[in-house]
Amino acid sequence: MFVQGLALSFGLIVAIGAQNAFVLRQGLRREHVGAVVLFCAAADAVLIAAGVMGMAQALGQSPGTARALALAGAAFLAVYGWRAMRRAMHVHKLDASAAGSSLSLGAAAAQAAAFTLLNPHVYLDTVLLVGSIGAQQPAALQGWFIAGAAGASMVWFSLLGFGARWLAPWFARPKAWQVLDGLIGATMFVLSALLVRHALIGM
């Protein structure tokens, strides 16, 4: 059950998305990486456990809540994408010695929470899908399933956040930093549009 939960969680989490882009950017900036990684992994663990324990069924019966989360998440992603595009318009480079002061711990935690909890796909994938599959396992093995799925999140976010430091010399180049912000901005806009479309079709 541990391996099954690990594989399932990895299959869902290893993808380009708003949360992963934020963790990668924080890792490149060497800014509150431990706190961001810990929050994202802990949030996944809580949501997975909640899904396995029955939250999946409750959320699946509340389309109004899912629609509200989609619209709120779309708005947040659009604002973040606009800010990333603004950064991409200016030539700058990564200065590891100065990057740490650009965001307070509270601000970094708040953004990590927003990317995690305002993204409806987190609930659809982590709570509904992982939760429903885990809930089908024998009661005695559900704990192992949760541990495997949560462990996958911890490993992935750790690699994404702390591993990004090795890319810092490359992102010291102004053009590379502009490209990253441009890609992040474009990703945010695409995800925002998809969430709006999903919410409107569901109405």
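Each value in this text was obtained by applying a stated rule to the coordinates, not by laboratory testing. Bear in mind that the values here come from a model prediction, so they are computed numbers and not experimental data. Quick reminder, even Gly has a Cβ in these numbers, built from the backbone with ideal geometry, and neighbours come from all protein chains shown.
Some points to look at:
- Order of R87, R173 - criterion: other Cβ atoms within 10 Å of each residue's Cβ, fewest first: R173, R87
- Separation of the M53 and L141 label points, Cα + 7 Å toward Cβ, nm: 2.2 nm
- Put in order of Cβ neighbour count within 10 Å, fewest first, the listed residues V37, V79 become V79, V37.
- Residues T187, T126, sorted so that the one with the fewest Cβ neighbours within 10 Å comes first: T187, T126
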